[in-house]
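The values are calculated or read from the model by the stated rules, or taken from the named source; none is laboratory data. Since we're looking at a predicted model, the values are computed, not measured. Reconstructed Cβ throughout: ideal geometry from the backbone, glycine too, with neighbour counts over all protein chains shown.
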2 protein chains.
Amino acid sequence: MPKPRILPNVILGLLDNHPQMSGRDIENEFQTEIGEFWQASHSQIYPELKRMLADGWIQMVDAQPGDDGKVIRYDITSAGRTHLLDWLHEPVNSDNDALSSLKLYFIHNRTSPTLTSILTAEIRLHRAHVAHLQEREQQLFGSSSLIEQQYGHYLILKRAIEREQNNVVWLEQTLKELKP
Amino acid sequence: MPKPRILPNVILGLLDNHPQMSGRDIENEFQTEIGEFWQASHSQIYPELKRMLADGWIQMVDAQPGDDGKVIRYDITSAGRTHLLDWLHEPVNSDNDALSSLKLYFIHNRTSPTLTSILTAEIRLHRAHVAHLQEREQQLFGSSSLIEQQYGHYLILKRAIEREQNNVVWLEQTLKELKP
DNA sequence: TCGTGCATGTAATGAGTTACATGATTAT
DNA sequence: ATAATCATGTAACTCATTACATGCACGA
């Protein structure tokens with residue numbers, strides 16, 4: 001099966017929050033706001049908009065008074081909104097975990113159940129990852145001290161453990177503060 | 001200019017540490033040891049080995065007694081080792097920073113100057129990144145409290161800051177422990 | 001009027017994944 | 001014997017990046 005395409009979901013998320021965007025507007029978002037976490041070039045965006053239009057996820061809207069000539073503005077359709085929500089609610093697993101941060105970007109309300117569900121699933125995954133990395137550390141550098149012979153490998157393993165542990169702490173703290 | 005290819009450097013790094021590897025051996029490394037941090041499939045590896053052979057970075061070695069039939073084993077050449085070292089010593093900047101961890105994997109000696117230089121450059125970059133993210137936080141969520149309207153965005157920005165700060169602390173600590 | 005930015009579009013290239021494919025060896 | 005694994009190789013497809021390209025609007 002082919003890899004799931006992310007870009008259309010991102011575009012839907014942007015249109016859901018800012019109606020009547022043009023392709024250029026979307027490109028600008030990728031260079032500023034969401035650009036910290038995700039990028040796309042205009043040569044991806046324009047063909048993607050065409051496809052989404054054909055799929056009925058977005059629709060063209062009339063040009064606004066201030067617009068000059070060739071601007072094309074889009075709105076998300078109800079079919080598009082359904083697709084977006086389906087994507088946001090897809091169960092978080094080790095394959096798609098990297099997209100969790102991106103999904104969070106499109107959740108605007110702190111009381112959203114989707115938010116809680118993503119954070120909870122992430123905690124589970126990253127705890128498991130910490131355990132896996134610690135096991136690797138034991139296997140590789142536990143008994144016989146090969147640290148000095150493979151110092152770089154040792155360092156990045158240590159860094160990965162540190163990063164994942166910190167991530168788990170942050171997730172737990174964030175989830176806790178969400179509750180009350 | 002086309003994107004720099006990473007795979008040949010990774011293969012050189014592996015061959016530098018384990019002589020006389022076959023394509024299959026390299027594939028196995030990608031699934032186990034280094035697989036935590038980098039992956040490649042055999043359909044990339046085999047053509048890449050051919051190219052590297054043509055470039056003179058590696059050479060074939062005679063099959064070992066236990067080998068069956070079609071195994072092809074390779075060694076790194078002095079030209080290959082030069083290329084590997086050049087890559088490891090490339091200045092760390094914001095474009096190639098993501099590869100720093102990968103490079104560390106190929107540094108076996110804790111007294112290596114390359115190690116110090118990479119860690120020092122990383123500290124500089126990630127400090128700058130923290131500053132940039134904090135500035136974004138101020139811009140977006142500083143004065144007027146838009147946090148509740150863009151809660152997901154707020155969260156991933158916070159997480160990014162936390163992650164980068166933790167990274168800087170780890171780098172500083174690691175560098176300090178390297179010195180004495 | 002001339003350069004720069006806006007807004008959209010297509011083409012060429014390259015890198016990676018999945019799938020297809022073959023022959024040899026080893027285990028059941 | 002035959003199924004699974006080893007070891008190598010090629011082909012098809014997708015995705016993303018870079019480059020190429022057009023026409024309009026606006027300011028110097």
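Residues of the stretch B:137-158 that are buried (at least 18 other Cβ atoms within 10 Å of the Cβ), of a type outside the set (S, T, N, Q) and within 7 Å of chain A (Cβ to nearest Cβ): B:TYR151, B:GLY152, B:HIS153, B:LEU155, B:ILE156.
Scanning for something in contact with a strand residue (DSSP E or B) (Cβ under 8 Å, 6 or more places away or on another chain), crowded, with 17+ Cβ neighbours inside 10 Å and not polar (S, T, N, Q), does the stretch A:83-100 turn up at least one residue?
Within the stretch A:83-100, the first condition is being in contact with a strand residue (DSSP E or B) (Cβ under 8 Å, 6 or more places away or on another chain), and the residues that meet it are A:84.
From the residues that got through so far, the ones that are crowded, with 17+ Cβ neighbours inside 10 Å too are A:84.
After this cut, where a residue has to be not polar (S, T, N, Q) as well, the list is A:84.
Yes: the stretch A:83-100 contains one or more residues that are in contact with a strand residue (DSSP E or B) (Cβ under 8 Å, 6 or more places away or on another chain), crowded, with 17+ Cβ neighbours inside 10 Å and not polar (S, T, N, Q).
Quick check, is B:ALA63 farther than 21 Å from B:SER101 by Cβ, without any contact (Cβ under 8 Å) to a residue 24 or more places away in the chain and in a helix (DSSP H, G or I)? Please lay out each step first, then the result.
Details: farther than 21 Å from B:SER101 by Cβ: yes; without any contact (Cβ under 8 Å) to a residue 24 or more places away in the chain: yes; in a helix (DSSP H, G or I): no.
Against the criterion (farther than 21 Å from B:SER101 by Cβ, without any contact (Cβ under 8 Å) to a residue 24 or more places away in the chain and in a helix (DSSP H, G or I)), B:ALA63 does not qualify.
Scanning the stretch A:159-175 for residues that are closer than 22 Å to B:LEU171 by Cα and at the interface with chain B (Cβ under 8 Å from one of its Cβ atoms) yields A:ARG159, A:ALA160, A:GLU162, A:ARG163, A:ASN166, A:ASN167, A:TRP170.
Looking at A:SER78, is it touching a residue at least 60 places away in the same chain (Cβ under 8 Å) and hydroxyl-bearing (Ser, Thr, Tyr)? No; evaluated as a whole, the condition is false for this residue.
Looking at A:ALA54, is it exposed (fewer than 14 other Cβ atoms within 10 Å of the Cβ), within 14 Å of DNA strand C (Cβ to nearest atom) and closer than 24 Å to A:GLU90 by Cβ?
Numbers: exposed (fewer than 14 other Cβ atoms within 10 Å of the Cβ): yes; within 14 Å of DNA strand C (Cβ to nearest atom): yes; closer than 24 Å to A:GLU90 by Cβ: yes.
Yes.
Note on the stretch B:71-151: enclosed helices (runs of 4 or more DSSP H) holding 3 or more residues that are over 20 Å from A:ALA160 (Cβ atoms) and either small (Gly, Ala, Ser) or touching a Leu at 6+ places or on another chain (Cβ under 7 Å) (or both) are B:78-89, B:113-141.
Here's the yes/no breakdown for (1) away from DNA strand D (no atom under 14 Å from the Cβ); (2) of a type outside the set (Val, Ile, Thr):
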{"site": "A:ILE34", "(1), (2)": "no, no"}
{"site": "A:ASP55", "(1), (2)": "no, yes"}
{"site": "A:GLN64", "(1), (2)": "no, yes"}
{"site": "A:ALA79", "(1), (2)": "yes, yes"}
{"site": "A:THR82", "(1), (2)": "yes, no"}
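Count of the stretch A:90-122 residues, restricted to those that are under 22 Å from A:PRO4 (Cα atoms) and either within 14 Å of another protein chain (Cβ to nearest Cβ) or within 16 Å of DNA strand C (Cβ to nearest atom) (or both), is 21.
Return yes when B:GLY35 is surrounded by fewer than 14 Cβ atoms within 10 Å (Cβ to Cβ) and small (Gly, Ala, Ser) and no when it is not. For B:GLY35, the condition - surrounded by fewer than 14 Cβ atoms within 10 Å (Cβ to Cβ) and small (Gly, Ala, Ser) - is met.
The residues of the stretch A:86-102 that are within 14 Å of A:VAL10 (Cβ to Cβ) and of a type in the set (A, V, I, L, M), listed by number, are A:LEU88, A:ALA98, A:LEU99, A:LEU102.
Restricting attention to the stretch B:73-80, does a residue exist that is surrounded by 13 or more Cβ atoms within 10 Å (Cβ to Cβ), within 19 Å of B:ILE6 (Cβ to Cβ) and under 16 Å from the mean Cα position of the chain (by Cα)? Please lay out each step first, then the result.
Taking the stretch B:73-80 as the starting set, the residues that turn out to be surrounded by 13 or more Cβ atoms within 10 Å (Cβ to Cβ) are B:73-77, B:79-80.
If we keep only those that are within 19 Å of B:ILE6 (Cβ to Cβ) too, we end up with B:74, B:76, B:79-80.
Next cut, under 16 Å from the mean Cα position of the chain (by Cα) only: none.
No - not one qualifying residue is present in the stretch B:73-80.
On the stretch given as the stretch A:25-58, residues that are of a type outside the set (A, V, I, L, M, F, W, C) and touching a Phe, Trp or Tyr at 6+ places or on another chain (Cβ under 7 Å) total 1. Residues in the stretch B:1-32 that are within 9 Å of DNA strand D (Cβ to nearest atom) and either of a type outside the set (D, E, K, R) or within 13 Å of B:ILE76 (Cα to Cα) (or both): B:MET1, B:PRO2, B:MET21, B:SER22, B:GLY23, B:ILE26, B:ASN28. Per the conditions (1) within 13 Å of chain B (Cβ to nearest Cβ); (2) in contact with a strand residue (DSSP E or B) (Cβ under 8 Å, 6 or more places away or on another chain); (3) among the polar types (S, T, N, Q), the sole criterion not satisfied by A:THR77 is (1). Of all residues in the stretch B:157-180, none satisfies the criterion of being at pLDDT below 95 and of a type in the set (Val, Ile, Thr). Reported count of residues in the stretch A:158-178, each being of a type in the set (Asp, Glu) and touching a Phe, Trp or Tyr at 6+ places or on another chain (Cβ under 7 Å), is 1. Scanning the stretch A:10-47 for residues that are within 14 Å of another protein chain (Cβ to nearest Cβ), away from DNA strand C (no atom under 14 Å from the Cβ) and part of a helix (DSSP H, G or I) returns A:VAL10, A:GLY13, A:ASP16, A:ASN17, A:ILE34, A:GLY35, A:GLU36.
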